[in-house]
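A.B. asks: Can you keep this structure in mind? I'll have questions shortly.
The values are calculated or read from the model by the stated rules, or taken from the named source; none is laboratory data. Computed from a prediction, not measured in an experiment: that's the story for all the values here. Here Cβ is always computed from backbone atoms with ideal geometry, including for glycine, and neighbour counts include all displayed protein chains.
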């Protein structure tokens, strides 16, 4: 009892109901105080246990929600990657189609210009021959013009083929 008074140390647990005070009132007060403190500790422990169980339940619920969110995120990431690949594929197809259409337009315009210049120069040369005019200058010009037109048409075709080859090489490297 002296230890209880000086240090507030009391017995506890299942031994308290077994202790007989043998009529000693001080000892009875000690046992009653020990039982009271034991009940307070038990209530406190029950409260703490309930709090811990509630926190564990909250943590488990949060973990389940987190796992569900992670699954949703993985699914969304996979969908976005598929959409990205599809968009890149569509962009590649669109670029190739646009390049092909552009090359077709360039070839048509170039051929139209070449044919227009060639036909107009030929008509002018034929007209000069028909009128019995001096055709030496026009003949040399006509010959030079056809050489230039032929060189330019091969240059245009070579450039288009080079662009096509370069774009095909880039696609194969990617």
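A.B. asks: Surrounded by 10 or more Cβ atoms within 10 Å (Cβ to Cβ), over 35 Å from the mean Cα position of the chain (by Cα) and in a helix (DSSP H, G or I): is that true of residue 93 in this structure?
C.D. replies: Against the criterion (surrounded by 10 or more Cβ atoms within 10 Å (Cβ to Cβ), over 35 Å from the mean Cα position of the chain (by Cα) and in a helix (DSSP H, G or I)), residue 93 does not qualify.
A.B. asks: Scan (1) out of contact with any helix residue (DSSP H, G or I) (no Cβ under 8 Å at 6 or more places or on another chain); (2) closer than 30 Å to residue 162 by Cα for the single condition residue 99 breaks and write down its number.
C.D. replies: Among (1) out of contact with any helix residue (DSSP H, G or I) (no Cβ under 8 Å at 6 or more places or on another chain); (2) closer than 30 Å to residue 162 by Cα, the lone unmet condition for residue 99 is (1).
A.B. asks: Identify, by number, the condition in (1) farther than 30 Å from residue 156 by Cα; (2) assigned to a helix (DSSP H, G or I); (3) without any contact (Cβ under 8 Å) to a residue 24 or more places away in the chain that residue 26 doesn't meet.
C.D. replies: In the conditions (1) farther than 30 Å from residue 156 by Cα; (2) assigned to a helix (DSSP H, G or I); (3) without any contact (Cβ under 8 Å) to a residue 24 or more places away in the chain, residue 26 misses (3) alone.
A.B. asks: Test residue 109 against the criterion of being at pLDDT 80 or above, farther than 30 Å from residue 163 by Cβ, out of contact with any helix residue (DSSP H, G or I) (no Cβ under 9 Å at 6 or more places or on another chain) and surrounded by 11 or more Cβ atoms within 10 Å (Cβ to Cβ), and give yes or no.
C.D. replies: Here the answer is no, as residue 109 does not meet what is asked.
A.B. asks: Being part of a helix (DSSP H, G or I), closer than 30 Å to residue 162 by Cα and out of contact with any strand residue (DSSP E or B) (no Cβ under 9 Å at 6 or more places or on another chain), is that true of even one residue in the stretch 119-134?
C.D. replies: Looking for residues that are part of a helix (DSSP H, G or I), closer than 30 Å to residue 162 by Cα and out of contact with any strand residue (DSSP E or B) (no Cβ under 9 Å at 6 or more places or on another chain), one finds at least one in the stretch 119-134, hence yes.
A.B. asks: Right, here's the next one. Which one is modelled with the highest pLDDT, of the residues in the stretch 115-136 that are touching a helix residue (DSSP H, G or I) at 6+ places or on another chain (Cβ under 7 Å) and over 24 Å from residue 152 (Cα atoms)?
C.D. replies: Ranking the candidates gives 128 first.
A.B. asks: So if I check each of 33, 74, 65, which one is in contact (Cβ under 8 Å) with a residue 12 or more places away in the chain and part of a helix (DSSP H, G or I)?
C.D. replies: 33
A.B. asks: In the stretch 147-162, how many residues are closer than 15 Å to residue 121 by Cβ and touching a helix residue (DSSP H, G or I) at 6+ places or on another chain (Cβ under 8 Å)?
C.D. replies: 3
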